[in-house]
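Here the structure is laid out as structure tokens; the discussion comes afterwards.
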Amino acid sequence: MMKQAIISGIVFSSILLVGCNGEEKEGQLIESEQEAVVAPTNEENDELNLLSELKNEIIVSITEQTELDSESIAIMLDGNPFKEMTISVSFPKDVKVDDTIIQQIIEDSIKNVSETENVAISEENITIKIEKY
């Protein structure tokens, strides 16, 4: 009887300890998730909106001025539009579009967005990469 009471006590204590450990870990997980979610600042929001606007303008302009459709164009914008930025545009190599035309469309899109959003985007600090896949 004494042996059974000791075993029952050990099992009960183990369950209690494991339950406490599980809750503590769960609480730590929630805390770390909350720390990881940080709202962007107004300046970061402005940059993201500007990048999004620029990307949309480039896609629309390319599809309007060439035979490319939006599904076949891959665009990546990297960096800060007010400092240094890289714009990469990829499209199928079987399409007969001159790289200089794409380059000019991108430069015109930068000017359009700059005027529309009333911001100064320096083209000198922008690298444009055009690739065919």
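The values are calculated or read from the model by the stated rules, or taken from the named source; none is laboratory data. These numbers come from a predicted model, not from an experiment. Remember, those area values only see protein heavy atoms, side chains included, never the ligands or the DNA or RNA. Shrake-Rupley method; radii C 1.70, N 1.55, O 1.52, S 1.80 Å.
What to note about this one:
- Residue-wise HN-Hα couplings along the stretch 70-77, as the Karplus relation 6.51 cos²θ - 1.76 cosθ + 1.60 with θ = phi - 60° gives them from phi, are 4, 6, 9, 9, 10, 10, 10, 10 Hz; Gly and Pro carry x.
- In order along the stretch 108-116, the Karplus-derived 3J(HN,Hα) couplings, from 6.51 cos²θ - 1.76 cosθ + 1.60 at θ = phi - 60°, round to 5, 5, 4, 4, 4, 5, 4, 6, 4 Hz, and Gly and Pro are given as x.
- Whole-percent carbon and sulfur share, accessible surface of the stretch 49-103, 1.4 Å: 44
- A simple rule links phi to the HN-Hα coupling: the Karplus curve 6.51 cos²θ - 1.76 cosθ + 1.60 with θ = phi - 60°, which for the stretch 125-130 gives 9, 10, 9, 10, 10, 10 Hz, with x for Gly and Pro.
- Extended-chain gain in nm, criterion 0.36 nm per residue less alpha-carbon gap, residue 117 and residue 49: 23.5 nm
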